[in-house]
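Presented below is the structure to which this report refers.
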Amino acid sequence: MLRILLPISFTVFSFLLYAQIDHWETVVYDTTTWKYKVPDATTSSNWFQPSFVDASWTSGQGGMGFADGDDGTVIPTSSVSVYMRKTFQINSLANIVSFVLNMDYDDGFVVYLNGVEIARNGLTGTPPTYNQLASISHEAALYQGGYPDQFEVQVGDPNFVLQQGVNVLAVEVHNQTQNSSDLTARPFVHISSSVANTVYYPTPSWFNPPFVFATSNLPIVKINTFNVQIPDEPKIDAVMGIIWNGDGQLNNVSDSCMEFYGEIGIERRGSSSNGFPQASYGLETRGPDPTMNYNVSLFDWPAENDWILYAPYTDKALIRNVLTYKLGNDMGNWSPRTKLCELIVNGEYQGVYVLMERIKQSPGRVNINKLEPQDTMNNELTGGYILKVDKTTAGGVIAWNSPYTSQAPSNNVIGFQLHDPDLSVLHPTQLTYIQEYITEWETVLKSNYFTDPDSGYVKYIDVESFIDYILVNELSKNVDGYRLSAYMYKERLSEGGKIVAGPLWDFNLAFGNANYCQGGQTTGWELDFNAICPGGWNNPFWYKRLLEDSLFANQLNCRYQTLRQTDWQDSVLVDYIDSMALMLSDPADRHFSRWPILGTYVWPNNFIGISYQQEIDYMKNWVLDRLQWLDANMFGTCPNLQVGELTKDDEVLVFPNPTSDLVTISLANNANEIESLTLVNMSGQALLNEVCQGKKTAISLQQIPSGFYFLNVRTSNGTHFTTKLVKR
């Protein structure tokens, strides 16, 4: 764990200065008179400096643009860029605590105050050239009821260059394309005052001052991009600090960042979620050498350098992904570790986030052998590969299309993407190998011998992982399940060589949070999605085909029954959801003050609660109703599970379960002793018989193949107990 103290300007000042604020005022409106010019090659490169003489420039009312409804001054529609300058007066700096720039723009911009850059997005170069095209497409927000980008600079920050007397604000806005149909440039400057008297002008009705809070029971993550807007890509340089004093301790915004402080690269991320006001971010921890990955351990997790800050904007319970990944880890399958936190970016409160691990090959994550470009022969060629079925809207590239269509009746194309390694670094021999292996498995699934124990599907896949993957997607009735953000990975032959389903990813629309394709209903199978919503992205055929094998269906049923008596008991799940809601009681209040969406429909909410507790209650009741339906309709059968004559006082403990080798059997609270143990496979064949004496014993399953089994325990007084045992 890296332990470096943050500079005082990044920690203590924020809260202390906010405590001094009495009110906010506006000193520059977009609609005031500006000097402006559509620049050309003759425009001076120091046009944004206070010393520049703009007497020859045209005067006009802001904002500037292409006469598309939000412009005071119209500029030629062929313009690539526009330069604007505004001189304004600050009577006294003594009472100013901070200033905020709001920038409404289309498509990229840079803003300078007194010759110093204070904010930018979508442009490179210092300064950019006059005819440079923006690297992003960014739509103006105010004309459509949205909120413009906001940047705060506090007293003590390096960019606090506001000065008493005359100040010069200079703005350049650039289009993304030469023939764009719109351009918008609408800047605002506001100041916070520590005294009651008003000196300047009222703030616009839409203006929201930066949100302030003092303490949190969650970790506080603070990111400083030095007022550069975080783009969709590529990652930009920033500094991140994490305040975390440990479980049960309060974290103060003025505390030192003892959990982490260091350089990062950060970008926006997501597909559909990328359009939400609360942005999700992908980030990497960086060290002094930019050519090297900088692995760090956050919250005592395995050291790595790739992380996600997920924004649960449309999930008003805030915990759907957190719950899902806990279920996955409790089942013995790696799922991303998560930590609920509160995020501040450039001094502005952003709400509750989930800091979590990104899916990648790593000893502490997807623990498969790393595939190097030179691994083109023998055992090294066979793994590991992480693949996914997903949209390409977030930059994904289809590596190949399956020769088989998706599950009937939709019959759409199944496209495979390479997640790790990326397709761009994959050797052609490696691509050929993994494509042929996956296709061979699909061909076997389509065959009439797919259930054969030697040549059928069991030769290719980790059966238990597919069972667990189906169960979590069905418990949550994830409308994106199976068909989007659907991961699988291929082990190296020396590791087993199988295809493993998972890891779990992206369950924000699960647990009744989607109002389309029956996502809000607690009845029905998500496996039937293609019949409910044909067209578009649909489920692959694999999962329903596997359930045509009665042995697979029975194994799935047994796994479900075991979970229902352990981690998936009604009380266990409800207690966990309640514990998360209790932990979030104060942070949720702040979150929904920042994002006032309670009682408002946010796509694709199936339920709209007017309070956070209503959102939690809805989720709990949905889960309980869903479990009741699954209990009555689960695939397959599981005879002899958890039957016998033992009373509660005769409890048998079997641990660990699942296990990869040793398993301990303990007879608790009983005067009798264990007499015998029998391990039986799903076909009823006894693989292991042990005669025992004592209340506790251990057996080795090292020579037993991976799979699902029944463990029969008989005691000295003739009572017996049968439980489900999973060998990994």
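The values are calculated or read from the model by the stated rules, or taken from the named source; none is laboratory data. What you see is a predicted model; the values in this text were computed from it and never measured. FYI the Cβ positions are ideal-geometry reconstructions off the backbone, even for glycines, and counts take in every protein chain you see.
Conditions (1) buried (at least 21 other Cβ atoms within 10 Å of the Cβ); (2) among the β-branched types (V, I, T); (3) over 27 Å from N605 (Cβ atoms), marked per residue:
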| position | (1), (2), (3) |
| --- | --- |
| L327 | yes, no, no |
| M331 | yes, no, yes |
| S335 | yes, no, no |
| I344 | yes, yes, no |
| Y353 | yes, no, no |
| K360 | no, no, yes |
| I368 | yes, yes, yes |
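Mind listing just one residue for me: the one in region 640-689 that is charged (D, E, K, R), surrounded by 15 or more Cβ atoms within 10 Å (Cβ to Cβ) and outside any loop (DSSP other than H, G, I, E, B) and, of those, modelled with the lowest pLDDT?
Among residues in region 640-689 that are charged (D, E, K, R), surrounded by 15 or more Cβ atoms within 10 Å (Cβ to Cβ) and outside any loop (DSSP other than H, G, I, E, B), the one modelled with the lowest pLDDT is D650.
So how many residues does region 47-71 have that are in a loop (DSSP other than H, G, I, E, B), modelled with pLDDT of 95 or more and either farther than 18 Å from V168 by Cα or not hydroxyl-bearing (S, T, Y) (or both)?
Residues that pass the stated criteria total 9.
Quick one: is S254 polar (S, T, N, Q) and touching an Asp or Glu at 6+ places or on another chain (Cβ under 6 Å)?
no
If T203 satisfies every condition in (1) free of Cβ contacts under 8 Å to residues at least 40 places away in the same chain; (2) outside the structural domain of I75 (by TED's automatic domain parsing) but one, which is the exception?
It is condition (1) that T203 fails.
Which condition breaks for E464 when tested against (1) on the phi < 0 side of the Ramachandran plot; (2) modelled with pLDDT of 95 or more?
For E464, the exception is condition (2).
Can you work out which of the residues in region 588-635 that are polar (S, T, N, Q) and either within 18 Å of A311 (Cα to Cα) or at pLDDT below 95 (or both) is surrounded by the most Cβ atoms within 10 Å (Cβ to Cβ)?
Selected residue: N605.
Among the candidates N473, N478, which residue alone is at pLDDT 95 or above, part of a loop (DSSP other than H, G, I, E, B) and either not assigned by TED's automatic domain parsing to the domain that holds N538 or not hydrophobic (A, V, I, L, M, F, W, C) (or both)?
That would be N478, the only listed residue that is at pLDDT 95 or above, part of a loop (DSSP other than H, G, I, E, B) and either not assigned by TED's automatic domain parsing to the domain that holds N538 or not hydrophobic (A, V, I, L, M, F, W, C) (or both).
Yes or no, residue by residue, for (1) outside the structural domain of D68 (by TED's automatic domain parsing); (2) buried (at least 22 other Cβ atoms within 10 Å of the Cβ); (3) within 18 Å of M64 (Cβ to Cβ):
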| position | (1), (2), (3) |
| --- | --- |
| D104 | no, yes, yes |
| L113 | no, yes, no |
| E117 | no, no, no |
| P128 | no, no, yes |
| V161 | no, no, no |
| A170 | no, yes, yes |
| T177 | no, no, yes |
| A185 | no, yes, yes |
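Residue by residue through region 55-69, note down the ones that are surrounded by fewer than 20 Cβ atoms within 10 Å (Cβ to Cβ) and in contact with a strand residue (DSSP E or B) (Cβ under 9 Å, 6 or more places away or on another chain).
The answer is A55, S56, W57, T58, S59, G60, Q61, A67, D68.
Just to check your reading of the model, which residue among Y313, Y325 is among the aromatic types (F, W, Y), at pLDDT 95 or above, part of a loop (DSSP other than H, G, I, E, B) and touching a Pro at 6+ places or on another chain (Cβ under 9 Å)?
Selected residue: Y313, the only one of Y313, Y325 that is among the aromatic types (F, W, Y), at pLDDT 95 or above, part of a loop (DSSP other than H, G, I, E, B) and touching a Pro at 6+ places or on another chain (Cβ under 9 Å).
How about region 136-159: which of its residues are more than 30 Å from A94 (Cα to Cα) and crowded, with 19+ Cβ neighbours inside 10 Å?
Across region 136-159, the qualifying residues are H138, A140, A141.
With the requirement that a residue be of a type in the set (A, V, I, L, M), part of a loop (DSSP other than H, G, I, E, B) and over 19 Å from F592 (Cα atoms), what does region 207-249 give you?
I230, the sole residue that qualifies.
Go through D289, D232, D255 for me and flag whichever is at pLDDT below 90, charged (D, E, K, R), surrounded by fewer than 16 Cβ atoms within 10 Å (Cβ to Cβ) and on the phi < 0 side of the Ramachandran plot.
Sole residue among the options that is at pLDDT below 90, charged (D, E, K, R), surrounded by fewer than 16 Cβ atoms within 10 Å (Cβ to Cβ) and on the phi < 0 side of the Ramachandran plot: D289.
Out of the residues in region 496-519 that are in contact with a Pro (Cβ under 9 Å, 6 or more places away or on another chain) and small (G, A, S), which is surrounded by the fewest Cβ atoms within 10 Å (Cβ to Cβ)?
Step by step, filter region 496-519, then rank; the result is A514.
Check region 561-568 and report whether any residue there is modelled with pLDDT under 95, in the same structural domain as N412 (by TED's automatic domain parsing) and within 27 Å of the chain's Cα centre (by Cα).
Yes, the conditions are met somewhere in region 561-568.
It is to be established whether one or more residues within region 530-550 are touching a Pro at 6+ places or on another chain (Cβ under 8 Å), buried (at least 20 other Cβ atoms within 10 Å of the Cβ), assigned by TED's automatic domain parsing to the domain that holds D631 and within 25 Å of W629 (Cβ to Cβ).
Yes: region 530-550 contains one or more residues that are touching a Pro at 6+ places or on another chain (Cβ under 8 Å), buried (at least 20 other Cβ atoms within 10 Å of the Cβ), assigned by TED's automatic domain parsing to the domain that holds D631 and within 25 Å of W629 (Cβ to Cβ).
If you scan region 455-474, which residues turn out to be without any contact (Cβ under 8 Å) to a residue 12 or more places away in the chain and of a type in the set (V, I, T)?
If the condition is that a residue be without any contact (Cβ under 8 Å) to a residue 12 or more places away in the chain and of a type in the set (V, I, T), then V458 is the only one that fits.
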